[in-house]
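Contents: one structure, followed by commentary.
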Amino acid sequence: MRNAEHVLNAIQRRSRRGVPLTDVYRQLYNRNLYLKAYGKLYANQGGLTKGSNEDTVDGMSLEKIDALIKDLRNERYRWTPVRRTYIPKRPGKVRPLGIPSWTDKLLQEVMRQLLEAYFEPQFRHHSHGFRPKRGCHTALQTIARWGGVNWFIEGDIKGCFDNIDHDILLARLQEHIHDNRFIRLVRNLLQAGYLEKWDYHPTLSGTPQGGIISPLLSNIYLDRLDQFVEHVLIPRFTRGQRRERSREYAAVQARMLKRKTKGDRDGYRELRKQLQRMPSYNVTDPNFRRLRYIRYADDFLLGFTGPKVEAMEIKELLRDYLQNHLRLDLSEEKTLITHATTGAARFLGYEIGRFHDDTRHDQHGRRSINEGIRLQIPEDVVRARCQRYMKHGKALHRAELMNDDDYTIISTYQGHYRGYVQYYVLAHNVHRLNRLRWIMLVSLFKTLSAKHKLSVNTIAKKYASMVKTPQGPRRCFEVRVQRDGKKPLIARFGGIPLIRQSRAPIVDTPTSITRAPGSVELIKRLLAETCELCGSSEKCQVHHIRKLSDANGHGRKDKPPWMKKMMARRRKTLVVCHDCHWDIHRGTLKTSVG
């Protein structure tokens, strides 16, 4: 049986040579691919969430993998309809979410690995959503290099994931995958349907909501849009090496130099001030155009250097292509044309505009920031984040955290705050998060104050501390949990400098070819097929819990051995035999095993 990484690397090499993929379905017989997929998925809390049946990650075993492979060999595997639920999207609106069964998730992840290994080298560099080593930050960093943009065209596809045409998607797959059994498996997945309040509904279009493979399928589908923009729109609306020099600017510059030669300092200064308010190039040069493009999932942004009438033409060409070739529609309310200097486009939670300030100069006296791209945190975003910790205009304590210990409370606040800062660290006005930091800090103090029945000032003095950062010492508030023979656990709030960074500090998505380090240990334990409680080697399977706190026993004095084992290893998994697993769920496991 071939190693999973060797299989995926071979598929990648085939893709780079432009060779179609054959016998893909046979790769689904490889147990190692399922172990790799299991190692990637088992830590997700959604693994214990039930779909339309009782199948979850709990009880995972090699026998389950072998049974799934046997069904695939005999072509009798049937996808389970997903259970549909709804999650809030914005005030008054919800987003449908499908929850597949665990076995479907596992098979989807194996299929995703195979498809990604083949299609990833072929995707265009304009696409950044749901791709290895790419994400929101890489897209925003690319936009930050768009100099001289006049117009932004914000694009949003109406109900993209729900309206993907199955025939077009399958035809796209058949161009590169010459395996009818695999194509049929994908078609059955697309048409599996969903259950809403236990009523079955067929899926006539779209990719499975909540499906692991859905983002990749949408990228394969929208890659045709990327190709259209790259091969048709960009060449059509890009011409000229550079703009021609402004004749008015050159005339004023010549007059200014004459005044300087004659010794007329006052006249020279007046003309220099006038020159600083004029563009040095012809902003309406008909021989110069630039078009830039970026896409993240179903949202895309184009930056155009040229007149507005041509920007509107680009928008109509995009609309026609989506309707005629992909059977998708642009959202009228979200597809906007915005002037780069007087307005700002919204993309990936940022406001994107263009700097214009004639008073900012470099050391040589040249205007230094004009034409540069401005990334900013929108005011309404900061306000909305603050409202989560406020009521009636004041910071409020969080009652749902009062039963947790101080370490958990402070680390929870810090985790949320750090997430906001890390996402908006590319913004030129990242300092606006100071308002959020203050509101969250007061909310934290009030939460601890209500928990301990102490004043806010007492809490602030109790936890005040300093932390060293590359930018110097910063004030913070921390709690330490002492441990015998180990370093203390430290949770702190604050100490994160609000300084803009030109590059993202983290990579959004890991590669799919390399194995996650934490999964190797679990797979080795599963392959050992030895019960970690009684030592039996019969029908071994993995017991999963949602979080480590579930293994604490919630105050039980005589904790069962499986709880002690998990707490000692600090693992959310335990390899056990079939009998021990059932005893765990029934609560009848003996206090001492073996």
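The values are calculated or read from the model by the stated rules, or taken from the named source; none is laboratory data. Note that this is a predicted model, so its numbers are computed, not measured. Backbone-built Cβ (ideal geometry, glycine too); neighbour counts: all protein chains shown. Accessible surface areas use protein heavy atoms only, side chains included; no ligands, DNA or RNA. Shrake-Rupley method; radii C 1.70, N 1.55, O 1.52, S 1.80 Å.
Observations on the structure shown:
- Condition met for Ser214 (over 30 Å from Arg292 (Cβ atoms) and either among the hydroxyl-bearing types (Ser, Thr, Tyr) or open to solvent by less than 10 Å² (accessible area, probe 1.4 Å) (or both)): no
- Total residues in region 418-431, condition open to solvent by less than 50 Å² (accessible area, probe 1.4 Å), in contact (Cβ under 8 Å) with a residue 24 or more places away in the chain and out of contact with any strand residue (DSSP E or B) (no Cβ under 7 Å at 6 or more places or on another chain): 5
- Failed criterion for Gln414 (all others in (1) surrounded by 15 or more Cβ atoms within 10 Å (Cβ to Cβ); (2) outside any helix (DSSP H, G or I); (3) out of contact with any helix residue (DSSP H, G or I) (no Cβ under 7 Å at 6 or more places or on another chain) hold): (2)
- Within region 138-148, being at pLDDT 90 or above and either assigned to a loop (DSSP other than H, G, I, E, B) or open to solvent by 10 Å² or more (accessible area, probe 1.4 Å) (or both) holds for Thr138, Gln141, Thr142, Ala144, Arg145, Trp146.
- Assessment of region 7-25 against the conditions (modelled with pLDDT of 90 or more, out of contact with any Gly (no Cβ under 6 Å at 6 or more places or on another chain) and assigned to a strand (DSSP E or B)) yields at least one matching residue.
- Any hit, region 383-397, residues being within 19 Å of Phe477 (Cα to Cα), open to solvent by 50 Å² or more (accessible area, probe 1.4 Å) and not in a helix (DSSP H, G or I): yes
- Residue check for Asp357: acidic (Asp, Glu) and in contact with a strand residue (DSSP E or B) (Cβ under 9 Å, 6 or more places away or on another chain): yes
- Verdict on Arg112 being of a type outside the set (Gly, Ala, Ser) and surrounded by fewer than 18 Cβ atoms within 10 Å (Cβ to Cβ): no
- Filter result (in contact with a helix residue (DSSP H, G or I) (Cβ under 7 Å, 6 or more places away or on another chain), within 21 Å of Arg245 (Cα to Cα) and assigned to a strand (DSSP E or B)) within region 280-299: Leu291
- Any chance Asn434 is in contact (Cβ under 8 Å) with a residue 12 or more places away in the chain, within 30 Å of Gly353 (Cα to Cα) and outside any helix (DSSP H, G or I): no
- Qualifying residue in region 177-184 (condition: of a type in the set (Lys, Arg) and over 19 Å from Leu328 (Cβ atoms)): yes
- Put simply, of Asp71, Asp58 the only residue that is part of a helix (DSSP H, G or I), of a type in the set (Asp, Glu), modelled with pLDDT of 90 or more and surrounded by 12 or more Cβ atoms within 10 Å (Cβ to Cβ) is Asp71.
- Once region 305-358 is narrowed to residues that are more than 19 Å from Ser127 (Cβ to Cβ) and touching a helix residue (DSSP H, G or I) at 6+ places or on another chain (Cβ under 6 Å), the residue that is modelled with the highest pLDDT is Ile337.
- Meets criteria (open to solvent by less than 10 Å² (accessible area, probe 1.4 Å) and under 27 Å from the mean Cα position of the chain (by Cα)) for Gly159: no
- Condition met for Leu302 (open to solvent by less than 10 Å² (accessible area, probe 1.4 Å) and either in a helix (DSSP H, G or I) or β-branched (Val, Ile, Thr) (or both)): no
- For region 77-109, the tally of residues that are among the charged types (D, E, K, R), surrounded by fewer than 23 Cβ atoms within 10 Å (Cβ to Cβ) and within 21 Å of Leu33 (Cα to Cα) stands at 2.
To keep it simple, each residue is scored yes or no on (1) within 30 Å of Lys315 (Cβ to Cβ); (2) hydrophobic (A, V, I, L, M, F, W, C).
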residue: Ile337; (1), (2): yes, yes
residue: Asp358; (1), (2): no, no
residue: Ile369; (1), (2): yes, yes
residue: Ala384; (1), (2): yes, yes
residue: Arg388; (1), (2): no, no
residue: Met402; (1), (2): no, yes
residue: His416; (1), (2): no, no
